[in-house]
Amino acid sequence: MSESIILRRAAFLCLVLAITAGLVALAVAVLAPGGWTGWEVLILACFLGTIPWSALSAANALVGLAILLGAKDPPAAVLPALRAARPGPPRGRTAIAICVRNEDMAAVLPPLGRLMDGLPADRFALWVLSDTPAGPVAEAEEAAFRAFARDRPCAHYRRRAVNEGFKAGNVMDFLDHHAAGLDYFLCLDADSEMTPQAVLRLVACLEADERLAIVQQLIHGRPATAAFPRLFQFGMRQGMRAWAMGQAWWQGDEGPYWGHNAIIRIAPFRELCRLGPLPDGSRILSHDQVEATRLHAAGWKVRVLPDDTGSAEGNPPTFGDFVTRDLRWAGGNMQYLALLRLPGLTPMARWQLVQAILLFLGAPLWCAILVLAAANALAGGGGGAATPTGALVALLAATWACHYAPKLAGYAEVLLKPALAARHGGRAAFARGAAAEIAFTTLMEPARLMAQTLFLLALPFGLKVGWAPQNRADRGVTWADAARQFWPPTLAGIVLTVAFAVASPLALLLALPVLASLLLAVPFAVVTADPAFSAWLRRAGICALPEEIGTPIR
């Protein structure tokens with residue numbers, strides 16, 4: 001490990017600790033006056049459990065924003081291979097490998113056609129790796145591919161008879177049996193879309209450093225017509241750029257892998273990333289982070305290209321679909337608890353797994369804080385004279401700012417750069433989009449956390465998680481369907497609203513933003529999938545991406 005990366009990690013740790021100290025000091029200033037109740041001790045304990053993720057988010061955002069505003073070429077500032085990449089055709093041969101299972105091939109194949117038609121056929125081959133079970137869907141899938149491949153001799157199709165190991169098994173089966181003569185593969189999901197220029201840049205980065213095993217590119221959402229993904233991906237795009245830039249600065253060669261839109265060197269991946277079952281016999285679902293840690297341990301580099309130019313994916317079209325995918329990820333990430341003690345992992349690799357766990361482990365802690373705060377308020381410890389309202393408001397604001405710091409940093413970057421704001425339709429249009437997204441997230445996040453909490457509580461009691469086909473098509477959501485999925489957070493919202501109202505008007509007022517999300521989970525799911533609301537957002541130009549208004553970021 002170089003001296004520079006050690007110094008970066010030390011500086012980053014100091015920043016995280018400073019943010020942590022500030023949050024802890026605010027929490028004690030809120031809870032300590034008037035003496036400690038049992039409820040307040042529990043609230044503090046839960047709050048301490050949420051701080052690592054909040055501090056990490058804020059620190060990544062601050063470092064990322066500093067690089068985005070201060071560096072002449074921000075991506076090259078954190079990815080040396082980008083500076084060393086040479087122009088011209090690739091030396092090695094690359095497979096474009098896309099994993100599908102019960103997908104709509106009419107949506108999957110056109111982006112692949114545009115990609116392959118822009119790449120040199122002697123250097124790139126397309127492989128569609130199907131895990132679709134035998135039957136009419138598989139037959140239609142293969143027929144669609146055959147029509148697509150008629151004029152593309154470099155396109156190939158393989159369907160497994162036995163779907164062992166989910167996506168990770170699908171990829172390894174391809175590498176074992178079909179990758180002869182290939183040097184690299186670009187892993188894509190069914191909703192991935194990349195441009196030829198983006199792919200050539202990734203290959204050039206890999207060829208500029210023979211110790212690079214993976215270059216993971218940042219990914220933005222495709223322009224969407226439905227309201228939910230349109231609002232969601234507007235904020236996600238800004239937040240991921242700042243987060244990934246900061247993370248790449250201090251993680252260096254031990255970066256993450258997100259499973260798709262990444263270029264991979266075949267030889268080390270095939271040798272080191274063969275994943276067996278977990279101790280309980282189940283298969284690893286969130287395979288990507290584990291594969292990255294295996295490469296770290298063997299001395300290979302995993303780097304992130306913190307630029308989303310030419311790299312896109314689809315996002316779930318409704319709140320219900322989003323939560324369903326979110327819970328599948330939560331189940332996969334919780335499996336990492338069984339892997340933390342494995343021998344041979346680097347400290348950064350173990351932290352990578354811990355970070356993935358923290359992404360979801362905070363949900364039950366936040367929900368516990370809400371319930372404990374209601375109990376404390378009913379017992380006379382909240383909203384009364386002993387609780388300094390100013391300190392409480394400061395704590396809520398600081399916690400919110402830390403949690404959403406990557407998005408806020410991304411918004412600040414665009415607003416501070418006139419050229420970047422112009423690509424989003426100007427500062428005023430971008431500010432309207434940012435305000436709409438913040439309101440959207442405020443209504444979504446507590447209900448999402450409640451769904452995660454209930455899911456995680458059920459996991460130890462045998463709840464099974466698998467690789468189920470995802471809905472990717474726009475669709476409306478009926479009130480009955482929304483109620484079936486979101487009645488638990490609604491019920492929790494009603495109970496907690498009554499508790500805070502009984503405690504005091506001030507307690508109810510301070511809890512209202514969170515309670516509103518729980519109470520409105522059902523109408524939120526319906527409205528954000530409603531075609532009329534979606535059409536209004538598009539007509540108003542709210543949360544439009546640069547690609548949608550014809551000014552993609554170059």
**OP:** At 7 Å along the Cα-to-beta-carbon direction for both Arg274 and Arg325, put a label point, then send me their distance in nm to one decimal.
**Re:** 3.2
Subject >> Descending semi-axes in whole angstrom, ellipsoid equivalent of the range 24-144, from the Cα gyration tensor >> reply: 50, 29, 10
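Eigenvalues of the Cα gyration tensor times 5, then square-rooted: what semi-axes does that give for the range 131-179, in whole angstrom, largest first?
Equivalent ellipsoid of the range 131-179: 20, 16, 6 Å, largest first.
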Original post:
At a Förster distance of 30 Å, what's the computed FRET efficiency of Asn102 paired with Asp151, Cβ-Cβ distance as r, to 0.05?
Top reply: 0.70
Original post:
Using a 1.4 angstrom probe with every protein chain in place, what is the largest-first accessible-area order of Thr478, Thr490, Thr528?
Top reply: Thr478, Thr490, Thr528
**OP:** Filter the trypsin sites (Lys or Arg not before Pro) in the range 130-193 to those in DSSP coil with at most 10 other Cβ atoms within 10 Å of their Cβ, and list the result.
**Re:** Arg150
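Are there trypsin sites (Lys or Arg not before Pro) in the range 176-264 that DSSP marks as loop and that have at most 13 other Cβ atoms within 10 Å, and which are they?
Arg211
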**OP:** Do me a favour and compute the ellipsoid semi-axes for the range 186-268 from its Cα gyration tensor, root of five times each eigenvalue, largest one first, whole Å.
**Re:** 25, 16, 10
Original post:
Across the range 529-545, in residue order, what do the Karplus-derived ³J(HN,Hα) couplings come to in whole Hz, using 6.51 cos²θ - 1.76 cosθ + 1.60 with θ = phi - 60° and x for Gly and Pro?
Top reply: 10, 6, x, 5, 5, 4, 5, 5, 4, 5, 4, 7, x, 7, 6, 6, 8
Original post:
Over the range 56-212, what per residue volume does the convex hull of the Cα atoms give, in whole Å³?
Top reply: 152
**OP:** Could you tell me what percent of the accessible area of the chain is made up of carbon and sulfur, with a 1.4 Å probe and every protein chain present?
**Re:** 66
Original post:
Mind listing the phi-derived Karplus ³J(HN,Hα) values for the range 499-505, rounded to whole Hz, using 6.51, -1.76 and 1.60 with θ = phi - 60°, and x for any glycine or proline?
Top reply: 5, 5, 5, 5, 5, 5, x
**OP:** Report, by chain and number, residues whose modeled amide H sits under 5 Å from the one on Trp127, excluding near sequence neighbours (fewer than 5 apart, same chain).
**Re:** Ile96, Ala97, Ile98, His156
**OP:** Report Phe47's accessible area, 1.4 Å probe, all protein chains in place, as a number in Å² to the nearest 10.
**Re:** 20
**OP:** Let me have the relative contact order for the chain, percent, based on Cα pairs under 8 Å that are six or more residues apart.
**Re:** 20
Original post:
What full-extension length gain, to one decimal in nm, is calculated for Val137 and Arg8 as 0.36 nm per residue of separation minus the Cα-Cα distance?
Top reply: 41.3 nm
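Starting from the Cα gyration tensor of the range 230-338, take the square roots of the eigenvalues, sort them a ≥ b ≥ c, and report rounded, prolate or oblate (rounded when a/c is under 1.5, otherwise prolate if a/b is larger than b/c, else oblate).
It comes out oblate by the Cα gyration axes.
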Original post:
Based on the Kirkwood radius over alpha-carbon pairs, what is the Stokes-Einstein translational diffusion coefficient of the chain at 10 °C with 1.306 mPa s viscosity, in µm²/s?
Top reply: 64
Original post:
Roughly how many Å² of Leu457 are accessible to a 1.4 Å probe, to the nearest 10?
Top reply: 100
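Applying 1/(1 + (r/R0)^6) with R0 = 60 Å to the Cβ-Cβ distance of Ala18 and Arg158, what FRET efficiency is obtained, to the nearest 0.05?
In this case the efficiency is close to 0.70.
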**OP:** Please list Ser282, Ser192 in order of solvent-accessible area, largest first, computed with a 1.4 Å probe with all protein chains present.
**Re:** Ser282, Ser192
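Express the accessible area of the chain per residue in Å², computed with a 1.4 Å probe while the remaining protein chains stay in the model.
Accessible surface, normalised per residue, equals 41 Å².
State whether the range 318-421 is rounded, prolate or oblate according to the following rule on the C-alpha gyration tensor (a ≥ b ≥ c being the square roots of its eigenvalues): a/c under 1.5 gives rounded; otherwise a/b larger than b/c gives prolate, and the remaining case gives oblate.
Oblate, because a/c is 1.5 or more while a/b does not exceed b/c.
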**OP:** Please work out whether the range 35-104 counts as rounded, prolate or oblate from its C-alpha gyration tensor, where a ≥ b ≥ c are the square roots of the eigenvalues and a/c under 1.5 means rounded, while otherwise a/b larger than b/c means prolate and anything else oblate?
**Re:** oblate
Subject >> Solvent-accessible surface ranking, highest first, for Trp258, Trp400, Trp536 at 1.4 angstrom >> reply: Trp536, Trp400, Trp258
Subject >> Inter-label distance, nm, simple model (7 Å from Cα along the C-beta direction), Lys417/Ala397 >> reply: 2.9
Original post:
Computed FRET efficiency, Cβ-Cβ of Ala32 and Leu342, R0 35 Å: what is it to the nearest 0.05?
Top reply: 0.30
**OP:** Pop out the ³J(HN,Hα) list for the range 326-333 in order, Karplus 6.51 cos²θ - 1.76 cosθ + 1.60 with θ = phi - 60°, rounded to Hz; leave Gly and Pro as x.
**Re:** 4, 6, 5, 5, 4, x, x, 5
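The values are calculated or read from the model by the stated rules, or taken from the named source; none is laboratory data. Source: prediction; values computed, not measured. Here the Cβ is made from the backbone with ideal geometry for all residues, glycine too, and neighbour counts use every protein chain on show. Side chains are part of the model used for accessible areas, which takes the heavy atoms of the whole protein and leaves out ligands, DNA and RNA. Shrake-Rupley method; radii C 1.70, N 1.55, O 1.52, S 1.80 Å.
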